[in-house]
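Working notes for the structure below.
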C-alpha cells in the first residue's frame, strides 16, 4: 500500500508547502492546538460558515491531499476518529437543555455524527463510492488503514483517501483532566518527557493520505503492514506482538532505521516504552512524536505522516542528534492509555 500524497493540520506548521518542521512550535499549558490554515482557498466560503472547527480541518486536509495527488475523486473515503465532532455534539446538547427540548435547530445534530467529515468530503466531490468511518477509540485510524488494505487487496478500489481526525475542546479537556489524563500544572511540550509525572498534554490533528496499490515515481512511502492489539497483560506480551508483527513482514528488528514511539510524559503511560527503548530498541534511533502533536486517540495518523515525510526526504532532518543516513524502514509503536496498542511499518518506495 503506497502513500501517493499526504496532508496534515497539526499543532506544528505542517500544512501546505512550508519547509518540513523547520521551526518547531512550543506550547505551555495542558494542550497543543492545531495551527489552522486559511480555509477559503480550499473550501467555498459560503460552506465554511456552516462547518464546525473539526469539519473544516478534516475537509481542508482531505481536499489538499487530493489536490497533491492530482485526483478529482477517490474510489473510497475512509476515516478514523474516536471523539467525532464534539463541538457540534456539545452545541446540540447545550441548546436542548437551554430551550427545554423545543424549537431545536437540526444542523448541530446532523453535524455531530462521527461520519460527518468523510460525508462532507464526499458531498463536495459528488463522490458516491465506498464511504466508511471507524470509531474504535485508540485503534480508529489503524482500523481505517486495515480497511483500505483489504479494499486494495480485493481490487475494489485503486485510490483511497484515508484520514485520522480528532479535536480537543474545553469541556472534554476539563473532564479528561479531572480523570487524570492531563497535567494539573502548566508544562512545556518540549520539557514534558524531562519532567515525568501524572498526566500529559492534550493534542489534536487532522491527517489524510492518498493510498494506492501501485507505486508511482513521486510516491512518499510504502505502508508494509498495520497491526493492533488490545489490553496486553504485560510487557512480555507486547514484545511478543512486536516480534510476530515483524516476522509477518519478513523484517528483522535490526533492519529498522528509526522508531517513532508514543511517549507522552505520563509515568504510567511511558513505562512500556522505556523498557522497549532500553532493551529491544536499544540500538535504534527513536523519536517521541507526541512532543509535537500532543496526546489524542488518532495521534498515530500524525506519526504516519511524520514517518512518511522523513522517508520521502531521505533522512530524519529535524532532529540534529540522529544520524542522517537514508531511512529505509520506520516502525511506529503507540498505545492509547495502555488499552489500544498499534504497530505500523513503513518503508521507502
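The values are calculated or read from the model by the stated rules, or taken from the named source; none is laboratory data. All values derive from a computational prediction rather than experimental measurement. Cβ: placed from backbone, ideal geometry, glycine included. Neighbour counts: every protein chain shown.
Tabulated data for the structure shown
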| quantity | calculated |
| --- | --- |
| Number of the exception - residue 263 against (1) surrounded by fewer than 17 Cβ atoms within 10 Å (Cβ to Cβ); (2) touching a residue at least 60 places away in the same chain (Cβ under 8 Å); (3) in contact with a helix residue (DSSP H, G or I) (Cβ under 9 Å, 6 or more places away or on another chain); (4) closer than 30 Å to residue 183 by Cα | (1) |
| Condition met for residue 103 (in contact with a strand residue (DSSP E or B) (Cβ under 7 Å, 6 or more places away or on another chain) and either touching a residue at least 60 places away in the same chain (Cβ under 8 Å) or surrounded by fewer than 21 Cβ atoms within 10 Å (Cβ to Cβ) (or both)) | no |
| The range 201-230, subset over 17 Å from the mean Cα position of the chain (by Cα) and modelled with pLDDT under 95, residue nearest to residue 154 (Cα to Cα) | 213 |
| Those residues of the range 198-216 which are buried (at least 21 other Cβ atoms within 10 Å of the Cβ) and either out of contact with any strand residue (DSSP E or B) (no Cβ under 8 Å at 6 or more places or on another chain) or under 21 Å from residue 330 (Cβ atoms) (or both), in sequence order | 203, 205, 207, 208, 209, 210, 211, 212 |
| Matching entry among 19, 11 (being part of a loop (DSSP other than H, G, I, E, B) and in contact with a helix residue (DSSP H, G or I) (Cβ under 7 Å, 6 or more places away or on another chain)) | 11 |
| Residue under evaluation residue 219, criteria (1) in a loop (DSSP other than H, G, I, E, B); (2) out of contact with any strand residue (DSSP E or B) (no Cβ under 6 Å at 6 or more places or on another chain), criterion not met | (2) |
| One residue from 77, 71, 48 being without any contact (Cβ under 8 Å) to a residue 40 or more places away in the chain and either farther than 25 Å from residue 146 by Cβ or in the same structural domain as residue 135 (by TED's automatic domain parsing) (or both) | 48 |
| Residue satisfying all of: in the range 266-290; free of Cβ contacts under 8 Å to residues at least 60 places away in the same chain and in a strand (DSSP E or B); farthest from residue 304 (Cα to Cα) among these | 286 |
| Residue tally, condition farther than 14 Å from residue 7 by Cα and surrounded by fewer than 23 Cβ atoms within 10 Å (Cβ to Cβ), over the range 53-70 | 1 |
